[in-house]
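One structure below.
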Amino acid sequence: MKKIRIVVSLILFALITFYFLDFAGILSNRFHVIAQLQFIPALVALNVSAVMFIFLITFFFGRIYCSSICPLGILQDISNWLAKRFHRKKKYPHFKEQRILRWSIVALITVTFIFGIHILLNILDPYSAFGRITTNIFKPAYLAINNIVATVGNHFNNFRFYKVNIFIASISSLAIASLSFIIIIFLSYKYGRLYCNTICPVGTILGFIARFSLFKIKIDGKSCNSCGLCEMRCKSSCIDAKNKEIDYSRCVTCFDCLEECKRNAVSYNFFKVHEKKPVSFNLPDNKYNAARRTFIFSSMLLGLTAAQRVFGRRRKDSADNIKEIFTSHNVAFKKNHPITPPGSVDVKRFNDSCTACQLCVSKCPSQVLQPTFTAYGIIGMMQPAMSFKYGYCNYHCTVCSEICPTKAIAEISRKQKKTLQIGQVKFVKENCVVVTDGTNCGACSEHCPTQAVSMQPYKGDLNIPTINNELCIGCGGCEYICPVRPYRAIYVEGNPVHLQAKVTEEKETKKIKVDDFGF
């Protein structure tokens, strides 16, 4: 059983990790289905089939999700494995469940989420935390290794690999990801699955269901001599060898204890109802009421999520840190709204659905999506927004809408993308090199795919940009390419609610019949 779990875990972990790291498009975007199997993204997206699948496998087999599907859990197992390589006598003694703390965290996340404050959920969601760690820490390292291999390969005339820019998405996001990584790895190295069984809200919810799972790890009281080998090996610290009891709410079904027992007193099979349950807690009510509470709690959780999505508290669109002040001569202008990705519909909907996993940041081919710190206010910390300092939104690209696991960025077609207005262009004439330096440029017009920016006569032989916001889709090509520094002469202001741009009518060209000899 353990070998099967390890193989499945490593395969899923490798696929999820490489999907974040893959900059060359080796894996198809269809692999985003793996992200949709993650509990919190599925819950936020109201993906009932995925949520029920996770509930069912937990009810039947225990916390298989935590040991084989959750990438953050697998990362902790890898840390545990490395810890044992350095400390072969690594022990994880049993300790009492911190039930009040566990459920207080879940309650606090639920209440704040209902009121539209998602920062706690974004930070503590295991999948989103893993996504930020991979995007901000693992990916730059992966790109550096790629560049080293490319340099060596090019030296020997092997051009299979090519160099890419090593890009740090955001200092604030890197700091938060690094802090999360250090804390989780330290807890894992020192105390096993302490994070999963004390802090993680997914572990608490699934642990509640796992108490009543059909297949469980059991201790045979007759064969067991309370030697404590299984207890010391248990990274969840859920086995009380002295009393021959197991706390199933914390057991992640890793099967480590099965191979540790020398007397075959520990087994994993169907838990018979008439047997005495080896648990370390007392339930005042009967099994019927316990099962009923499980169903009611699961339904309530889904219901609260749905209610929040439909009747969530309205709030003003916040753009705290986006309001950077740019000045040139006597001109000052500011951006009042962050620019959300095409398909996000509006800022409110995006904030309510995004868990800041940063998969879109990692997969964006032009690196225009960047994690923010407080651009949306504290409620949307680490959620991505468009930043045209590093790139612009490709006219034909819909990658982020295809892969978003929570559907915070709804899937759209390329045809829809070409007329979706996520922002509007603004022109600061006084900053333009045509005015300041008396020289022609036109870079903004050349890079506009809809001709929302065009050139018109200015003075003498000079031409100056003119804008038409009816045609603008807010792709940022003009802002990105503008050569004026430090303050650009043209920029895009975000639309709090996405609009529809005017479609330019293509005139039919007359076919001119040409003789065999056109001269």
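Out of the range 247-268, which residues are in a loop (DSSP other than H, G, I, E, B) and either under 36 Å from the mean Cα position of the chain (by Cα) or free of Cβ contacts under 8 Å to residues at least 12 places away in the same chain (or both)?
Those that are in a loop (DSSP other than H, G, I, E, B) and either under 36 Å from the mean Cα position of the chain (by Cα) or free of Cβ contacts under 8 Å to residues at least 12 places away in the same chain (or both): Asp247, Tyr248, Ser249, Arg250, Cys251, Val252, Thr253, Cys254, Phe255.
Can you tell me which residue within the range 143-167, out of those that are β-branched (Val, Ile, Thr) and in contact with a helix residue (DSSP H, G or I) (Cβ under 6 Å, 6 or more places away or on another chain), is farthest from Leu72 (Cα to Cα)?
Only one residue fits best here, namely Val164.
Ala107 versus (1) in contact (Cβ under 8 Å) with a residue 24 or more places away in the chain; (2) out of contact with any Gly (no Cβ under 7 Å at 6 or more places or on another chain): which is the lone unmet condition?
For Ala107, the exception is condition (1).
Among the numbered criteria (1) in contact with a helix residue (DSSP H, G or I) (Cβ under 7 Å, 6 or more places away or on another chain); (2) in a helix (DSSP H, G or I), which one does Val111 miss?
Result: Val111 passes all but (1).
Among the residues that make up the range 178-187, is at least one of them among the β-branched types (Val, Ile, Thr), outside any helix (DSSP H, G or I) and crowded, with 22+ Cβ neighbours inside 10 Å?
The answer is no, given that none of the residues of the range 178-187 is among the β-branched types (Val, Ile, Thr), outside any helix (DSSP H, G or I) and crowded, with 22+ Cβ neighbours inside 10 Å.
Residue check: is Thr419 without any contact (Cβ under 8 Å) to a residue 60 or more places away in the chain, hydroxyl-bearing (Ser, Thr, Tyr) and more than 28 Å from Thr374 (Cα to Cα)?
no
Run down Phe55, Phe31, Phe39 and say which single residue is at pLDDT 95 or above and within 15 Å of the chain's Cα centre (by Cα).
Phe39 is the lone residue from the list that is at pLDDT 95 or above and within 15 Å of the chain's Cα centre (by Cα).
When the range 37-81 is examined, which residues are found to be surrounded by fewer than 22 Cβ atoms within 10 Å (Cβ to Cβ) and among the hydroxyl-bearing types (Ser, Thr, Tyr)?
Ser49, Ser79
Of all the residues that make up the range 373-391, how many are buried (at least 23 other Cβ atoms within 10 Å of the Cβ) and in a loop (DSSP other than H, G, I, E, B)?
Qualifying residue count, the range 373-391: 6.
Exactly one of these conditions fails for Arg132: (1) of a type in the set (Lys, Arg); (2) over 30 Å from Gln367 (Cα atoms); (3) under 17 Å from the mean Cα position of the chain (by Cα). Give me its number.
All conditions are met except number (2).
Residues of the range 188-240 being part of a loop (DSSP other than H, G, I, E, B), in contact with a Pro (Cβ under 9 Å, 6 or more places away or on another chain) and among the small types (Gly, Ala, Ser), which ones?
Scanning the range 188-240 gives Gly221, Gly228, Ser237.
Considering the range 397-419 alone, what residues qualify as being within 24 Å of Tyr491 (Cα to Cα), buried (at least 22 other Cβ atoms within 10 Å of the Cβ) and aliphatic (A, V, I, L, M)?
Ile409
Select from the range 412-429 the residues that are closer than 17 Å to Met386 by Cα and aliphatic (A, V, I, L, M) and list them in ascending order.
Those that are closer than 17 Å to Met386 by Cα and aliphatic (A, V, I, L, M): Leu420, Ile422, Val425.
Please verify whether the range 23-36 includes one or more residues that are touching a Phe, Trp or Tyr at 6+ places or on another chain (Cβ under 6 Å) and buried (at least 17 other Cβ atoms within 10 Å of the Cβ).
no
I need the full set of residues from the range 122-134 which are in a helix (DSSP H, G or I) and buried (at least 20 other Cβ atoms within 10 Å of the Cβ), in order please.
Asn122, Leu124, Pro126, Tyr127, Ser128, Ala129, Phe130, Gly131, Arg132, Ile133, Thr134
Return the residue satisfying two criteria in turn: it lies in the range 203-242 and is β-branched (Val, Ile, Thr) and within 10 Å of Gly62 (Cα to Cα), and of such residues it is surrounded by the fewest Cβ atoms within 10 Å (Cβ to Cβ).
Ile209
Go through Lys363, Lys417 for me and flag whichever is basic (Lys, Arg) and closer than 23 Å to Ala35 by Cα.
Criteria check complete, one pass: Lys363.
Go through (1) modelled with pLDDT under 95; (2) buried (at least 20 other Cβ atoms within 10 Å of the Cβ); (3) in a helix (DSSP H, G or I) for Ala169 and report which single condition fails.
(3)
Of (1) at pLDDT below 95; (2) touching a Phe, Trp or Tyr at 6+ places or on another chain (Cβ under 6 Å); (3) of a type in the set (Gly, Ala, Ser), Ser353 satisfies all except one. Which?
(2)
Among what's in the range 84-94 and is at pLDDT 80 or above and surrounded by 15 or more Cβ atoms within 10 Å (Cβ to Cβ), pick the residue that is farthest from Asn243 (Cα to Cα).
Going through the qualifying residues, I end up with Tyr92.
Do you know which of the residues in the range 466-506 that are among the aliphatic types (A, V, I, L, M) and under 33 Å from the mean Cα position of the chain (by Cα) is farthest from Gln451 (Cα to Cα)?
Val497
The values are calculated or read from the model by the stated rules, or taken from the named source; none is laboratory data. Keep in mind that what you see is a predicted model, and the values were worked out from it rather than measured. A quick note on method: Cβ atoms are made from the backbone with ideal geometry, for glycine too, and the neighbour counts reach across all protein chains shown.
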